[in-house]
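Q: Got a structure here, written out as structure tokens. Questions coming.
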Amino acid sequence: MFTFSLNQIKHWLFSACILAIFAIPGHAQKTSAAKDKKIVFLCPPCDLDCDTIHFEKPGLCPHCAMKLYAAYEGVENADAYHGEFTDKKVAVLLFPGVEIIDFSGPWEVFAAAGMDVYSVASSTSVVATSMGLKLKPDYSYVDAPMPDILLVPGGNVNPADTAAVNWISRVDKKSKHTMSVCTGAFYLAAGGLLDNLTATTNYPAVEALQQFAPKSKIIANVRFVDNGHIITSAGLSSGIDAAFHLVSLYLGKAQTKKLANALEYDWRDENPFIRSKLADKHVQDFLNTFIPYEYKMTTYTGDENQWRVDLKVTTELDKADLLPLLAYQLEQVAGWKKARKKELWNFEENGKKWMAELVIGDDGSNASLITLKVKRL
């Protein structure tokens, strides 16, 4: 008589199952078929003749220099759908003095996502941008195709331009998204598109936009604001972040992050760079005092809680002249309060207390060495 342990029985049953699986006709066919297929190497599709060449060895394509990838012979060398692109249409407003980065940055993002991007202006005559770049718009207000997305950049905006405001308002009614960059928000406000919404713009223009759009809530501590249909972004490069955000609504965040990396842009969907949070905003009024004078900035550094600026100012004014001038600027323009200690000031922002210290020296010539330090208490 033979006796078997429970473990031996389990082992034999497992082996029998494995043999049975491999004995199934379909499985045997797949295994042998895979062995019969030849593996070749292709270059990623580049729209050149090398797209149709099958290489025997891996390496770089001798025609387009792209790295070859492994594929089975007979597989079509074409991009399958990977969720990388969307065929939305984007109309970009152009006007005299438009800020280049406001439209060119988002344009690059939208186009890289597969969108059809085109420019629109009052006419198709050449438009000079803020930095002198001259562009010929693709369409005028009259013949421009209706877009899915309307991009309104900033720059030398003119909210009194009724033709531009009316066109924006008309397109906005049919577009899925309307997005402004920087002071482009003034065009939206002029058409009443920001009424009862929270919005943002370039940090120095926040106060002016709030006055211009009293029915809106204008905030400064964000990179952009998404109201669902209306998206407003802060200044300049902020439009790039807003464009990536908008693309992510169509492609998802994972694919959008891949796209951002391909464009070598550090897109941070969370904890982004926000200009208005840096403490250097508190030194801007101070620096304006030196507009009439020649100076060289030797230090400009800090973070959200502190900032320091050092200037070497060339002027005939001595410390006795500079101190009351700067004190007047800090107290009357910036609204700071003089502390009891000499050359110290206190101020508050959103309930947070700050201290500023001003130091004035000289280098032995006609230059004054001036340091301003602000620090959150």
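The values are calculated or read from the model by the stated rules, or taken from the named source; none is laboratory data. What you are looking at is a predicted structure, and each value in this text was computed from that prediction instead of being measured. We place every Cβ from the backbone using ideal geometry, glycine too, and count neighbours over all the protein chains shown. These accessible areas exclude ligands, DNA and RNA; they are computed on the full protein's heavy atoms, side chains included. Shrake-Rupley method; radii C 1.70, N 1.55, O 1.52, S 1.80 Å.
Q: For helix 6-23, report the angle its Cα long axis makes with the longest principal axis of the Cα atoms of the chain; keep it between 0 and 90° and round to the nearest 10°.
A: 90 degrees
Q: In a Gaussian network model over the chain where Cα atoms closer than 10 Å are linked, find which of Ala70, Ala220, Ala208 has the largest mean-square fluctuation.
A: Ala70
Q: Considering only protein heavy atoms, what per residue accessible area in square angstrom results for the range 225-331 with a 1.4 angstrom probe?
A: Details: 5530 Å² over 107 residues.
Per-residue value: 52 Å².
Q: Same structure again: Counting heavy atoms of the protein chains only and a 1.4 Å probe, report the per residue accessible area for the range 61-111 as a whole number of Å². Please list the in-between numbers first.
A: Values: 2790 Å² over 51 residues.
Using a 1.4 Å probe on heavy atoms only, each residue of the range 61-111 averages 55 Å².
Q: Measuring from label point to label point, each 7 Å out along Cα→Cβ, what is the Asn227 to Val126 span in nm?
A: Once both label points are built, they end up 3.8 nm from each other.
Q: Just order 118-128, 96-106 by mean Cβ neighbour count inside 10 Å, highest at the front, would you? Working shown, then result.
A: Values: 118-128: 16.9, 96-106: 22.1.
Packing proxy ranking, top to bottom: 96-106, 118-128.
Q: Express as a percent, rounded to the nearest 5, the fraction of DSSP beta bridges in the range 48-141 (both residues included) that run antiparallel.
A: On the way: 3 of 10 bridges.
The antiparallel fraction comes to roughly 30 percent.
Q: For the pair Ile291/Lys353, report the inter-label distance in nm, with labels modelled 7 Å from Cα in the Cβ direction.
A: 3.4 nm
Q: Moving to a separate point now. List the lysines whose Cα sits under 20 Å from the Cα of Lys173, skipping any in the same chain fewer than 8 residues away.
A: Cross-link targets: Lys88, Lys89, Lys215.
Q: Could you compute the net charge surrounding Leu94? Neighbours are other residues with a C-beta less than 14 Å from the C-beta of Leu94; K and R count +1, D and E count -1. Each step should come with its number before you reach the end.
A: Working: positive: Lys134, Lys136; negative: Glu99, Asp102, Asp138, Asp161.
Spelling it out: positives minus negatives among the neighbours equals -2.
Q: Next question, about the same structure. Give the carbon-plus-sulfur fraction of the accessible surface of the range 258-345 in %, rounded to a whole number; probe 1.4 Å, heavy atoms of protein chains only.
A: C and S fraction of accessible area: 46 percent.
Q: Sticking with this structure for a sec: Over every pair of different alpha-carbon atoms in the range 93-224, take the mean of 1/r and invert it; report that Kirkwood radius in Å. Could you put the intermediate results ahead of the total?
A: Numbers: mean 1/r = 0.0670 Å⁻¹.
About 14.9 Å, per the Kirkwood formula over Cα pairs.
Q: Note the angle between two axes, namely the Cα long axis of helix 319-328 and the longest principal axis of the Cα atoms of the chain, as a number of degrees from 0 to 90, rounded to the nearest 10.
A: The two axes meet at around 70 degrees.
Q: Ala163 versus Lys37, label points 7 Å from Cα toward the beta carbon: distance in nm?
A: Those two pseudo-labels are separated by 6.0 nm.
Q: What FRET efficiency would be calculated for the residue pair Lys277, Asp49, taking the C-beta separation as r and a Förster radius of 51 Å, to the nearest 0.05? Display every interim value, and only then the final one.
A: Working: r = 52 Å, r/R0 = 1.03.
Computed FRET efficiency for Lys277 and Asp49 comes out at 0.45.
Q: Along the charge dipole of the chain, Cβ charges K/R +1 and D/E -1, which of Ile230, Leu326, Asn156 sits furthest on the positive end?
A: Comparing the listed Cα positions along the dipole, Ile230 ranks first.
Q: Of Ile219, Ile39, Ile360, which has the largest mean-square fluctuation in a 10 Å C-alpha GNM of the chain?
A: Answer for the Gaussian network model of the chain: Ile39.
Q: HN-Hα J couplings of the range 343-352 from phi, Karplus 6.51/-1.76/1.60, θ = phi - 60°, integer Hz, Gly and Pro as x?
A: 6, 10, 9, 10, 7, 10, 9, 6, x, 9
Q: Using a 1.4 angstrom probe and counting only protein chains, how large is the accessible area of Glu207 in Å², to 10?
A: 130 Å²
Q: While we're here: For Phe186, Phe273, Phe286, give me the order by solvent-accessible area with a 1.4 Å probe, most accessible first, ignoring ligands, DNA and RNA. Could you put the intermediate results ahead of the total?
A: On the way: Phe186 25, Phe273 110, Phe286 0 Å².
Descending accessible area places them as Phe273, Phe186, Phe286.
Q: Where both residues lie in the chain, what percent of DSSP beta bridges are antiparallel, nearest 5? Walk me through the numbers on the way to the answer.
A: Values: 46 of 66 bridges.
Once the DSSP bridges in the chain are tallied, antiparallel ones form about 70 percent.
Q: Using Cα pairs closer than 8 Å and at least 6 residues apart in sequence, work out the relative contact order for the range 303-377, in percent. Show your work: numbers first, answer last.
A: Details: 115 pairs, mean separation 30.4, N = 75.
Answer for the range 303-377 is 41 percent.
Q: Using helices alone, I'd like the mean residue ellipticity at 222 nm for the chain: each DSSP H run of four-plus residues gives -39500 (n - 2.57), total over residue count, nearest 500. Mind showing how you got there, number by number?
A: On the way: 10 runs with 106 residues, N = 377.
Rounded to the nearest 500, the figure is -8500 deg cm²/dmol.
Q: Rolling a 1.4 Å sphere over the protein heavy atoms, what is the accessible area per residue of the range 120-165, to the nearest Å²?
A: On the way: 2260 Å² over 46 residues.
Using a 1.4 Å probe on heavy atoms only, each residue of the range 120-165 averages 49 Å².
Q: For Val181, enumerate residues with amide H under 5 Å from its amide H, sequence gap 5+ or separate chain, H modeled in the peptide plane.
A: Amide H neighbours of Val181, under 5 Å, 5+ apart: Val152, Gly154, Ser233.
Q: Roughly how much of Lys373 is accessible, in Å² to the nearest 10, using a 1.4 Å probe?
A: The accessible area comes out at roughly 80 Å².
Q: Right, something else. R0 = 51 Å: FRET efficiency of Arg340 with Lys217, Cβ-based, nearest 0.05?
A: On the way: r = 38 Å, r/R0 = 0.74.
Approximately 0.85, to the nearest 0.05.
Q: Give the angle, between 0 and 90 degrees and rounded to the nearest 10, that separates the Cα long axis of helix 25-36 from the longest principal axis of the Cα atoms of the chain.
A: Between the helix axis and the principal axis of the chain, the angle is about 70 degrees.
Q: Given contacts defined as C-alpha pairs under 8 Å and at least six residues apart, what's the relative contact order of the range 71-161, whole-number percent? Spell out each step's value before the answer.
A: Working: 155 pairs, mean separation 33.1, N = 91.
Reported relative contact order: 36 percent.
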